[in-house]
Every structure is written in structure tokens, then in C-alpha cells.
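Asker: Please read through the structure below; I'll follow up with questions.
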Amino acid sequence: MIGNVFKSIIGSKNERELKALAPQAARVNELEPQFQGLNDTQLRAKTEEFKQRIARGESLDDVLPEAYAAVREASVRVLGMRHFDVQIVGGIALHQGKITEMKTGEGKTLAATLPLYLNALPGHGCHLVTVNDYLAKRDAEWMGGIYGFLGMSVGVIVHDMDDQKRKAAYNSDITYGTNNEFGFDYLRDNMKYSSEDCVQRDLHFAIVDEVDSILVDEARTPLIISGPIERGEDIFYASQKSLIIKLKQHQDRIIRSILNNAEARMRQELDDDKTIELLLQVKRGAPKNSRFLDIIAQEPGLKKRIDRTESLLRSQKTLNLLDEELYCIIEEQDHSANWTDKGLKLLSGDQPDAFVIPDMIQGMQEIDNDPRLNFREKKKRKRELEIQYSETSERMHASQQLIKAYWLFSKDVDYVVKDGQVVIVDEFTGRLMPGRRWSDGLHQAIEAKEGVNVAEENQTLATITFQNYFRMYEKLAGMTGTADTEAPEFKKIYDLDVLVIPTHKKMIRLNHPDVIYKTEREKFKAAVEEIKELHRKGQPVLVGTISIEKSEMLSKMLKREGIKHQVLNAKNHEREAEIIAMAGQKGTVTISTNMAGRGTDIVLGDGIPELGGLHIMGTERHESRRIDNQLRGRSGRQGDLGSSRFYLSLEDDLMRIFGSERIASVMDRLGMEEDQPIEHQIISRAIEGAQKRVEGINFNIRKNLLEYDDVMNQQRKVIYGQRQAILKGDHLKETIQDMIDELVETAVLENIDSNIFPEEWNLGPLSDYTYHVFGFVPTFSKAEIKDLTQESLIERLKQQAIATYERREQQIDPPSFLFLQKIAMLKAVDDLWMDHLLGMDQLKEGIGLRGYGQMDPLKEYQKEGYNMFLSMVESIKENTLRTLFRIRIAPQEQPSVEAPKKKMVLSHGGDGGMSPTRRKTPKVGRNDPCPCGSGKKYKHCCGR
Ligand code: ADP
Ligand code: MG
């Protein structure tokens with residue numbers, strides 16, 4: 001009831017906003033005859049006219065009606081398509097920086113031409129962001145006709161393109177490309193050593209197509225550029241693999257015997273607490289065990305009891321008593337798998353210390369305090385301790401990732417193996433993501449598991465989330481068929497409003513309620529029966545499956561029945577366009593993963609409307625309602641006839657993991673017979689409830705990622721901003737002088753005590769510092785020293801440093817000197833920034849582990865992250881000056897330095913983690929005592 005009232009408020013708000021756009025849209029229509037009267041040359045000349053009017057101060061809104069009328073007329077002449085009124089309205093909403101929901105097949109591609117043209121008029125460049133290369137190319141070529149006719153240039157960015165071509169594409173008025181390409185180009189530009197090499201211009205206006213897919217689904221993991229580090233963990237992946245296999249065998253064995261035990265008790269009708277506990281053990285050790293799933297399916301009420309027992313034992317803190325008997329525990333809900341003590345013992349074998357990380361601080365102290373050791377031996381022992389530390393943590397890390405690889409990641413579901421490579425399959429779009437890698441060593445673990453070449457471990461060189469990339473645009477808009485369910489997130493994270501645009505023609509697709517079977521087997525049997533029936537009638541059907549594996553299974557079942565069909569999944573995506581083109585024809589059966597959800601359009605064949613149009617059959621619900629709506633949306637486009645229905649079973653992941661007790665008890669109450677589905681309002685609602693819960697969890701993952709990335713984002717902005725200024729060569733000399741001033745002041749204040757007479761100052765550390773950073777040792781006569789104060793010392797040192805600087809300036813010819821300064825700064829920024837990224841990763845990890853007490857981990861992260869940033873900035877200055885003051889250059893010789901050519905890996909993935917690698921030795925704070933034992937601060941000793 002309340003829900004309805006609420007909806008009607010939202011509904012009327014949407015209507016009000018639509019109404020507000022009506023006058024502008026009407027004006028476009030009024031102008032139509034006038035624009036029809038122009039000849040081609042006159043129509044083309046409009047572009048120049050608009051540009052001049054804007055240059056003279058007219059606003060984009062002033063020229064909007066005419067500009068849209070011009071685009072519409074050009075489209076009619078070039079493509080034979082006249083923008084529908086709803087497309088004009090959608091186009092205005094896009095120009096206003098809104099997310100427009102326009103259903104699949106409504107022609108978003110064409111609608112976007114209006115705001116792109118308008119916003120390109122001032123000459124800044126507009127971006128249209130698509131989900132894949134194919135669509136970027138298709139849309140740029142298709143719509144390119146209109147732009148070309150009106151004298152606007154269009155470019156496209158795809159994978160495997162060199163910088164020169166990229167730059168040309170970005171310099172076009174309108175640029176099509178994928179979110180990944182735009183994001184990676186931004187990161188790569190900020191690693192370049194000269195501004196001519198940068199490919200992007202300022203980020204002005206972007207329209208994101210399929211915006212929910214890009215800003216919601218893909219935003220769960222950041223973009224990462226990484227390069228190889230010297231020594232990887234590869235050895236451990238290979239060597240630990242056999243141990244993990246052994247662990248799995250032991251676990252399988254014990255699960256089998258627990259199951260035997262439980263079944264024996266159930267046969268004796270002993271379904272008491274003990275039996276439930278046994279089943280709970282199976283759930284925790286092998287949640288997908290097929291015998292276990294069968295038992296649950298036969299008696300849905302059991303699941304409720306198992307879950308209850310689990311939460312009860314958890315609250316009593318006795319769950320570990322059950323877990324202790326297993327080797328490994330799997331928590332499907334938060335996608336984690338971990339060994340138990342018993343498992344750890346098995347992994348350690350005859351080396352009890354193999355998985356015990358040594359306590360570094362205590363260990364170091366013990367070595368220091370050991371009177372039997374001399375200085376040398378101490379140093380050696382410390383080194384050994386460090387090696388032991390890093391090897392153990394690497395071994396543990398590799399083993400943990402291998403456990404994930406074996407228990408949580410499945411071939412042909414999460415990834416495929418293709419040409420000796422492990423290739424990720426995107427969970428939401430069902431597409432392959434070649435070249436992307438899971439972070440934090442997970443990818444290596446899966447490579448080891450599949451027996452293919454294990455790639456080197458990488459370190460982060462640059463990273464950004466999509467949220468933060470897209471928030472940099474001056475204006476951002478988006479379009480999709482399914483935005484409404486995500487409206488609160490768009491508002492909260494991107495400050496974008498959603499406007500639902502009515503369809504051009506009335507939508508008449510019939511959405512039948514879900515049917516639910518007890519087991520997956522029964523579900524697929526029923527699905528095949530229905531496909532057979534539809535096939536006999538000749539009505540085309542598109543069957544959605546949740547993974548490649550399931551699509552192949554269903555294909556086998558249909559083959560056995562002799563039903564001709566096509567399979568579309570990431571393994572044969574080359575044929576996508578061809579398969580989809582046939583999907584609306586008579587008698588066609590198409591099985592597809594989520595891939596068929598986006599972009600390409602299904603046209604109905606002759607006589608199909610008479611048969612009821614395209615039927616959509618879902619064979620499982622996705623975690624997200626949006627993805628289900630995408631599948632449904634394949635049918636019923638632009639007023640076509642069509643229908644849809646989802647087939648579910650209690651064994652589906654969504655039902656198993658997130659289904660509420662409600663579902664199980666309703667099922668029990670209604671009593672389910674073999675092969676007898678149920679269709680019930682309560683069930684459908686409970687399923688939506690489960691989906692909303694998962695959407696909530698996923699939203700939190702994204703929010704969390706963003707909150708952490710926001711800390712980085714501010715720092716990234718500062719650093720990238722500095723980099724840009726250096727590249728442009730703005731005020732280099734002043735910058736260097738400021739650096740000198742600051743460092744000198746800090747050094748003096750840190751090292752000279754103003755309460756002591758100058759004669760008694762210990763100038764040692766200070767002159768050490770000036771020598772290392774500025775390349776000179778301060779010299780004062782005894783008499784001079786007597787009269788010094790802290791302040792005058794600072795002045796003197798500044799003068800000496802500047803004098804040294806100016807001497808260098810004169811020694812080297814001006815262009816070389818300018819170049820040298822640039823390089824010194826860039827190199828310092830890049831080196832330390834990468835180090836900092838790594839440090840921030842570790843900080844986050846460490847804070848996650850620390851999470852106790854009243855501390856807010858995010859606040860801690862912000863605070864410590866800020867301190868680390870400050871200390872990095874100081875180091876950047878020191879490194880810059882050290883290079884500048886100490887590098888030797890042969891006169892008249894242009895030093896040749898270019899950006900280090902590292903092999904880079906681009907990745908976007910991982911399970912929410914942002915940490916690609918760990919530091920090989922424990923991090924020492926810059927102000928901590930140096931671990932070498934010198935007694936000096938780390939930053940003044942080995943850390944310099
Ligand atoms: P969406 O991206 O909204 O799902 P598309 O842009 O792929 O839809 O367009 C769907 C189909 O509708 C395309 O085949 C396109 O040619 C057609 N179409 C779109 N707008 C018009 C129009 N104004 N007149 C005629 N056909 C159109
Ligand atoms: Mg589209």
C-alpha cells in the first residue's frame with residue numbers, strides 16, 4: 001500500500017520532468033518544415049552558423065531546438081531514419097546530464113546523436129562510451145553518416161590501436177569507445193614523459209551507453225595498470241598446488257563419510273540435531289556437493305533447520321567445533337574459502353613453521369640483544385629473518401589464492417581456458433575479457449590449477465575506479481533500458497537523476513510469473529519440454545542461461561531430443577551478430593548466456609507476430625533484477641508481440657545462498673510433488689526480496705571500494721595535476737626554488753636545536769643531508785658559526801643551494817637544463833607514487849586485519865594515508881633535487897631519457913580487491929628507526 005503511494009509520487013515526479021521538456025521538444029517539431037526546406041549545402045552550413053553564434057555568447061540551450069532539427073533532418077537524408085518524438089525528448093534529457101531510461105530497441109544510438117552534436121559545437125570533444133569494441137565501431141560508422149554530413153568529425157577508439165591513431169580519434173569532435181579504453185588512456189597519459197605523447201584532451205562531456213552495466217556492474221572492480229616486479233611468487237603457485245590438491249582429496253573423503261553418516265541416520269528417521277549438524281558440516285565444507293543438494297531438494301524444510309543451526313552455533317561461538325573436523329571452510333555468501341587448523345597442519349606436513357609468520361619486531365630485538373653476536377652476524381641474521389618472513393607470507397598468500405581457485409572459481413563459469421591462457425568471463429555481460437587479469441595473485445593460482453603457464457606477478461603502476469574516472473567529466477549523462485532499479489545509487493554516487501522516457505509504441509510483451517521446481521534436473525527437463533512445444537509451433541525462443549557451462553548442458557539435452565538450435569556464449573562470440581540476426585526467425589531456438597542482453601537488436605521474421613512474437617525463457621534468475629529485465633527486454637521491442645517466463649529451482653545459487661526461510665517454508669507448506677512446479681505470488685516476491693538483498697550487498701561493495709578510492713582520488717588528483725604542470729614546463733624554476741626552501745627549512749629545524757649555543761651544534765647530520773640532497777657540504781669558519789641563529793643558518797644554506805643550482809644552470813645549455821629538470825621531477829614523482837600505491841594497498845590490507853575495537857577503518861585509512869602522502873611528497877622533493885644536483889651531463893649533449901618501457905598489463909577484475917601484490921619486506925615507516933640497526937631514522941639511513 002505504502003509502496004504504491006510512494007510509486008505514484010515518483011511517477012508524477014517523472015511526469016512533471018517530462019512535461020518540463022515538452023516545450024523544447026515542441027519547438028524542434030515546429031522547426032521541421034523550415035529545415036526540410038534547406039538544400040544539403042544550406043543544411044550543412046548550419047553547423048558553422050551555430051558555432052559562430054555560440055562563440056558570440058549564445059548558450060547551448062539557445063541553439064538546441066535548431067541544432068536538433070538540423071540533426072533530425074540530416075538523419076532523414078542520410079540514414080532514412082527520422083528521430084521519433086520520444087528520441088528528441090531523450091536527447092534533451094541527455095543534454096541536461098541525466099540518465100535516460102529508454103527501453104531496448106527504442107533507438108538510443110540515434111537519440112544520442114542529438115546531444116553529441118550539440119555539445120561538440122563549442123569544439124571540446126564529446127565521448128560516447130559503449131560496452132564493447134564491436135558496438136563502438138558499429139555506432140561510430142552508423143551514426144558517422146549524420147556527423148559527416150553536418151561537417152563534424154567522428155573517431156573511434158578500440159583495443160590494439162597505437163597512440164597516434166588514438167590521438168587523432170580524441171581530436172575528433174565526437175569519439176566513440178569503450179569504458180576500458182577511455183579509462184586506460186587516462187591512466188597511460190598520466191605515465192607519459194612528454195605532453196605531446198598524451199592522447200586525451202580535457203574530459204568535457206560523455207554519454208555512457210548501457211550505463212547501468214558500466215557504472216554499476218563493472219564499477220565493482222578498479223582499472224589497474226601493472227608491470228612485472230623482479231621476483232614473483234610463481235614458484236610457490238606450482239609447489240603449493242599439489243598440497244592443495246591433497247587438501248581437497250582429504251576434504252572430499254571426510255565429506256563423503258559425513259554424508260554417509262547423515263544419510264544413514266535419516267534412513268532411520270533420526271533427523272535430530274545431530275543429523276542437522278552433520279548436514280551443516282557438509283554445507284560448510286562442500287556447499288555444492290551434488291548428493292547434499294539432492295537431500296536438501298527432497299526436503300526443503302531441512303535447509304531452514306541447517307541455516308538456523310548455523311546462526312545459533314555462530315552466536316554461541318561453537319561453530320568452530322564443527323569446523324575443526326574439516327580441512328577447509330567455504331562461505332559462499334561472502335565468496336571466501338579458508339583452511340582450518342586441521343587443514344593447515346596437513347599443508348605444513350613435516351615443517352610445522354611453514355605457515356607461521358615470524359614476528360619481525362620481536363625477532364629483530366632478540367638479534368640485537370644477543371650478546372654472542374657481533375655486528376656482522378647480526379646483520380646476517382636479520383637478513384635471514386627477513387627472507388624467512390617474506391617467503392612464509394608468500395607461501396601463505398599463494399596457498400590461500402589456490403584454495404580460492406580450487407573451491408570458488410570454476411572453468412566455463414568464471415573463466416575459460418583458451419590458447420593456453422586463462423581468460424575471465426564477465427559475470428554480468430557473459431563476455432570474455434581477454435588481457436584482463438584477476439589481481440592479488442588469484443589469476444596465477446588459477447593458471448597453476450589449470451596447468452598453463454603461470455605469468456609473472458605484477459605491481460600496480462596506476463589505478464582508478466570507473467566511478468572516479470567518470471566523475472571527472474564536466475558533464476556526464478547515461479542511457480539504458482534498465483536504470484530505474486538503480487536510481488538511488490546513480491543519485492548518491494554520481495549525482496545523476498534518472499528520467500524514464502515513455503516508449504515510442506506501447507509495450508505489449510506478456511511477462512508470465514516464474515515457475516519453480518524442486519531440483520535443477522526437473523527444471524531443465526520441463527524447460528526442454530516447453531522448447532520442444534514452441535519449436536513445433538514455430539515460435540522463436542531465446543533461452544537465457546547463467547553460465548557457459550549451463551548453456552552447453554542445455555545444448556546437449558536439446559541435441560538428444562533432436563532439436564536444432566544455436567548456442568551463443570563467450571566461446572563463440574565471433575558469431576554473435578549472425579546468431580542474433582536469426583533469433584527472431586521461424587522455429588529458431590537460441591541458447592545464450594547474458595551476452596545476448598545488450599546492444600544488438602532482434603528483428604522478427606515474417607509470420608512471427610501471428611505466433612506470439614519472440615518468447616524469452618530464463619533458466620535461472622540473476623543476482624540482479626536488472627540483468628533479468630535485460631533478458632526480457634530482448635523481446636517486445638518497439639511494440640512487437642512477445643512473452644517471457646523464468647524457470648527456477650530450489651537448487652539455483654540465488655535460492656540456495658540468498659533465498660530466505662520464507663521460500664523454504666512456503667514450499668514445504670504447499671508440498672511439492674516430483675516434476676510439479678509451483679507458481680505462487682509469495683515465492684515471486686520472496687525471490688525479488690532475495691535479489692534486492694544481493695543488490696544491497698553489491699552496492700555496499702561498490703560504495704566501500706569508492707570510499708577507499710576517494711582517499712586515493714584526492715591524492716591522485718594532486719599528483720596527476722603536478723605531473724601535468726611539469727609536462728607543460730610551467731614555472732619549473734620557481735618550483736625547484738620552493739623545494740629547496742622547504743627542504744632546507746625542515747632539515748635545519750629537525751637537526752638543529754635552537755636552545756643550544758651555535759658552537760655546540762652538531763652539524764654532522766645536517767651536512768650529511770645537504771651533501772646527499774644538494775651535493776654540497778656547508779662550510780663556516782669558527783667565527784661565523786658563533787653568530788649564527790637557526791634562521792640565519794636557514795638563509796645561508798638556501799643561498800648556497802640556490803647558488804649551486806644556478807651554477808648548474810649555467811653549465812648546461814638551457815633546453816637540456818629544462819629537460820633535465822623535467823625528467824628529475826617526473827622520475828621522482830613516478831617512482832615514489834608507485835611505491836606509494838603499493839604502500840596504500842598494504843595499509844588497507846593491514847587496517848582490514850586490524851579491524852577491532854572502536855576504530856573506524858576508513859578513518860584510520862584516511863589519516864594514515866594522508867601521513868604517508870605527506871611523507872611521499874617530501875621524498876619526491878628530495879629525490880628530485882638529488883637527481884638534479886648530482887647527475888653528470890656531458891656538455892652540449894642532450895640527455896636521452898624516455899619513459900621507462902615497462903611491459904604493462906591492463907586489468908580490471910578480481911573479487912573486489914585492489915591489492916595486486918605485496919611488498920617483499922615489511923614496510924618501515926620513514927620516521928621509524930632504521931632496521932639496519934644504525935639507530936638513525938630510516939629516512940636518514942637506508943631509506944633515503
Ligand atoms: P537501443 O540501443 O535503444 O536498444 P538501437 O539504437 O540499437 O536501440 O536501435 C534499435 C533499432 O531501431 C535499430 O534497428 C534502429 O535502426 C531502429 N531505429 C531507431 N530509431 C529509429 C527511427 N527513428 N526510425 C526508424 N528506425 C529506428
Ligand atoms: Mg543500444
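The values are calculated or read from the model by the stated rules, or taken from the named source; none is laboratory data. On a predicted model such as this, the values are computed, not experimentally measured, just so you know. Here the Cβ is made from the backbone with ideal geometry for all residues, glycine too, and neighbour counts use every protein chain on show. To get the accessible areas, we keep the full protein, side chains included, count just its heavy atoms, and leave off ligands, DNA and RNA. Shrake-Rupley method; radii C 1.70, N 1.55, O 1.52, S 1.80 Å.
Asker: Residues with beta-carbon under 12 Å from that of Gln388, excluding Gln388: net charge, scoring Lys, Arg +1 and Asp, Glu -1?
Answerer: Details: positive: Arg381, Lys382, Arg383, Arg395; negative: Asp353, Asp359, Glu384, Glu386, Glu391, Glu394.
Residues close to Gln388 contribute a combined charge of -2.
Asker: Can you give the charge dipole size of the chain about its Cα centre, rounded to the nearest 20 debye, using +1 on the beta carbon of Lys and Arg and -1 on the beta carbon of Asp and Glu? Don't skip to the answer; put the middle values down first.
Answerer: On the way: 133 positive and 146 negative charges, 209 e Å.
With only Lys, Arg, Asp and Glu charged at Cβ, the dipole is about 1000 debye.
Asker: When the expected Rg is taken as 2.2 N^0.38 Å, what fraction or multiple of it is the alpha-carbon Rg of the stretch 495-614? Can you show the working numbers first?
Answerer: On the way: Rg = 15.8 Å, N = 120, 2.2 N^0.38 = 13.6 Å.
It is 1.16.
Asker: What percent of all Cα-Cα pairs in the stretch 448-548 falls into each 10 Å bin, going from 0 up to the bin containing the maximum distance?
Answerer: 9, 21, 19, 25, 22, 4
Asker: What percent of all Cα-Cα pairs in the stretch 688-827 falls in each 10 Å bin, counting up from 0?
Answerer: Bins of 10 Å from zero give 10, 27, 21, 17, 11, 7, 5, 2, 0 percent of pairs.
Asker: Same structure again: Using the scaling law 2.2 N^0.38 Å as the reference, what is the normalised Cα Rg of the chain? Mind showing how you got there, number by number?
Answerer: Values: Rg = 32.6 Å, N = 944, 2.2 N^0.38 = 29.7 Å.
Cα Rg divided by the expected 2.2 N^0.38 Å: 1.10.
Asker: Given 0.36 nm per residue, what is the gain on full extension from Ser59 to Met582 after removing their alpha carbon distance, in nm?
Answerer: Values: separation 523, 0.36 × 523 = 188.28 nm, distance 4.64 nm.
Stretched fully, the Ser59-Met582 segment lengthens by 183.6 nm.
Asker: Follow-up. Name the shape class, rounded, prolate or oblate, that the alpha-carbon gyration tensor gives for the stretch 207-330, where a ≥ b ≥ c are the square roots of its eigenvalues, rounded holds for a/c under 1.5, and otherwise prolate holds if a/b is larger than b/c and oblate otherwise.
Answerer: Details: a/c = 2.65, a/b = 1.56, b/c = 1.69.
In terms of gyration-tensor shape, oblate.
Asker: Enumerate lysine pairs in the stretch 1-130 that are 8 or more residues apart or on different chains, then count those whose Cα atoms are under 26 Å apart.
Answerer: 14
Asker: Please calculate how many Å² of accessible area the stretch 24-160 carries per residue, with a 1.4 Å probe and no DNA, RNA or ligand atoms counted.
Answerer: Numbers: 4920 Å² over 137 residues.
On a per-residue basis, 36 Å².
Asker: Let me ask you something else. What does the charge count near His512 come to, summing +1 for each Lys or Arg and -1 for each Asp or Glu among other residues with Cβ under 9 Å from its Cβ? Before the final figure, lay out each step's value.
Answerer: Values: positive: Arg645; negative: Asp514, Glu679.
Local net charge: -1.
Asker: Taking +1 at the Cβ of each Lys and Arg and -1 at the Cβ of each Asp and Glu, which of Gly764, Gln737, Gly659 sits farthest along the dipole of the stretch 659-767 towards its positive end, judged by Cα position relative to the Cα centre?
Answerer: The residue sitting most towards the positive pole is Gly659.
Asker: Assuming a ≥ b ≥ c are the square roots of the Cα gyration tensor eigenvalues, decide whether the stretch 720-787 counts as rounded (a/c under 1.5), prolate (otherwise, with a/b larger than b/c) or oblate. Present the calculation step by step, with values, prior to reporting the outcome.
Answerer: Working: a/c = 3.14, a/b = 2.70, b/c = 1.16.
Here the stretch 720-787 falls in the prolate category.
Asker: Test of understanding: express the Cα radius of gyration of the stretch 774-883 as a ratio to 2.2 N^0.38 Å, with N the residue count. Intermediate values should be presented prior to the final figure.
Answerer: Working: Rg = 20.4 Å, N = 110, 2.2 N^0.38 = 13.1 Å.
It is 1.56.
Asker: Which value, in Å², gives the accessible area per residue of the stretch 208-277 when a 1.4 Å probe is used on the protein heavy atoms? Write down the numbers at each step before the final one.
Answerer: Details: 3050 Å² over 70 residues.
With all protein chains present, the stretch 208-277 gives 44 Å² per residue.
Asker: Could you list, in their original order, any pairs among Lys137/Lys532; Lys378/Lys877; Lys404/Lys518; Lys303/Lys523; Lys246/Lys379 whose Cα atoms are separated by more than 31 Å? Walk me through the intermediate numbers first.
Answerer: Values: Lys137/Lys532 38 Å; Lys378/Lys877 34 Å; Lys404/Lys518 29 Å; Lys303/Lys523 19 Å; Lys246/Lys379 39 Å.
Result: Lys137/Lys532; Lys378/Lys877; Lys246/Lys379 exceed 31 Å.
Asker: Once amide H atoms are built 1.01 Å from N in the peptide plane, which residues 5 or more positions from Arg431, or in another chain, come under 5 Å H to H?
Answerer: Here Asp426 satisfy the definition.
Asker: With no solvent and one point on each alpha carbon, what is the Debye value of log10 I(q)/I(0) for the stretch 464-516 at q = 0.20, 0.25, 0.30, 0.31 Å⁻¹?
Answerer: So the normalised log intensities are -0.84, -1.07, -1.29, -1.32.
Asker: State the antiparallel share, in %, of DSSP beta bridges confined to the chain, rounding to the nearest 5. Working shown, then result.
Answerer: Numbers: 22 of 68 bridges.
The antiparallel proportion sits near 30 percent.
Asker: From the convex hull of the Cα coordinates of the stretch 526-584, what is the mean projected area in square nanometres? Before the final figure, lay out each step's value.
Answerer: Details: hull surface 16.0 nm².
One quarter of the hull surface, i.e. the mean projection, equals 4.0 nm².
Asker: Give me P(r) over the stretch 75-156, computed from all C-alpha to C-alpha distances, binned every 10 Å, as integer percentages.
Answerer: P(r) over the stretch 75-156, rounded to whole percents: 17, 54, 29, 0.
Asker: Over all directions, how big on average is the projection of the convex hull of the alpha-carbon atoms in the stretch 311-446, in square nanometres? Display every interim value, and only then the final one.
Answerer: On the way: hull surface 52.5 nm².
Convex hull of Cα atoms, orientation-averaged projection: 13.1 nm².
Asker: Stretch Val452-Asp272 to full length: gain in nm at 0.36 nm per residue minus the Cα-Cα span? Spell out each step's value before the answer.
Answerer: Working: separation 180, 0.36 × 180 = 64.80 nm, distance 4.72 nm.
Separation in residues times 0.36 nm, less the Cα-Cα distance, equals 60.1 nm.
Asker: Could you tell me the relative contact order of the chain? Use alpha-carbon pairs under 8 Å, at least six residues apart, and round to a whole percent. Mind dumping the intermediate values first?
Answerer: Working: 1442 pairs, mean separation 135.8, N = 944.
After rounding, I find 14 percent.
Asker: Once both labels are modelled 7 Å past Cα along the beta-carbon direction, what's the Gln810-Gln351 spacing in nm?
Answerer: Once both label points are built, they end up 6.3 nm from each other.
Asker: With all protein chains present, how much of the accessible area of the chain (probe radius 1.4 Å) comes from carbon and sulfur, to the nearest whole percent? If you can, show how the numbers build up before the last one.
Answerer: Values: 21670 of 42800 Å².
Solvent-exposed carbon and sulfur of the chain make up 51 percent of the total.
Asker: Would you work out which of Phe355, Tyr327, Ile701 lies farthest towards the positive end of the dipole of the chain? Charges go on Cβ: Lys and Arg +1, Asp and Glu -1.
Answerer: Selected residue: Tyr327.
Asker: Moving on. Local charge sum around Cys328 (other residues, Cβ-Cβ under 14 Å, Lys/Arg +1, Asp/Glu -1)?
Answerer: Working: positive: Lys246, Lys248, Arg253, Lys283, Arg284, Lys288, Lys342, Lys345, Lys404; negative: Asp252, Asp323, Glu324, Glu325, Glu331, Glu332, Asp341.
Local net charge: +2.
Asker: Now, a different point. Specify, per residue and in Å³, the volume enclosed by the convex hull of the alpha carbon atoms belonging to the stretch 61-104. Mind showing how you got there, number by number?
Answerer: Numbers: hull volume 3.1 nm³, N = 44.
Roughly 70 Å³ of hull volume per residue.
Asker: While we're looking at this one, here's another question. May I have the convex hull volume per residue, in Å³, for the Cα set of the stretch 776-822? All intermediate terms of the calculation are to be shown ahead of the outcome.
Answerer: On the way: hull volume 3.8 nm³, N = 47.
Given the Cα convex hull of the stretch 776-822, per-residue volume reads 81 Å³.
Asker: How big is the dipole moment of the stretch 122-207 about its Cα centre under a simple scheme where the beta carbon of each Lys and Arg is +1, that of each Asp and Glu is -1, and everything else is neutral? Debye, nearest 20, please. Intermediate values should be presented prior to the final figure.
Answerer: On the way: 8 positive and 13 negative charges, 21 e Å.
It comes to approximately 100 debye.
Asker: When the Cα atoms of the stretch 289-351 are enclosed in a convex hull and the volume is divided per residue, what value in Å³ results?
Answerer: Working: hull volume 6.8 nm³, N = 63.
Roughly 108 Å³ of hull volume per residue.
Asker: Further, regarding this structure: Okay, helix-only estimate at 222 nm for the chain: each DSSP H run of n ≥ 4 adds -39500 (n - 2.57), divide by all residues, round to 500 deg cm²/dmol; what do you get?
Answerer: Working: 32 runs with 505 residues, N = 944.
Computed ellipticity for the chain at 222 nm equals -17500 deg cm²/dmol.
Asker: Once the Cβ-Cβ distance between Ile245 and Lys491 is put in as r, and R0 is 51 Å, what FRET efficiency do you end up with, to the nearest 0.05?
Answerer: On the way: r = 49 Å, r/R0 = 0.95.
Efficiency computed from Cβ-Cβ geometry: 0.55.
Asker: Turning to a different aspect of this structure: Using 0.36 nm per residue, how much length does the chain from Gln799 to Asn572 gain when fully extended, once their Cα-Cα distance is taken away?
Answerer: Working: separation 227, 0.36 × 227 = 81.72 nm, distance 6.97 nm.
Between Gln799 and Asn572, full extension yields 74.8 nm more.
Asker: How large is ³J(HN,Hα) for each residue in the stretch 155-166, as worked out from phi by the Karplus curve 6.51 cos²θ - 1.76 cosθ + 1.60 (θ = phi - 60°), to whole Hz, x for Gly and Pro?
Answerer: Once θ is set to phi - 60°, the couplings for the stretch 155-166 become x, 9, 10, 10, 3, 6, 10, 7, 4, 4, 5, 4 Hz.
Asker: What FRET efficiency do you get for Leu870 and Ala725 if R0 is 25 Å and r is their Cβ-Cβ distance, rounded to the nearest 0.05?
Answerer: So the FRET efficiency works out to roughly 0.85.
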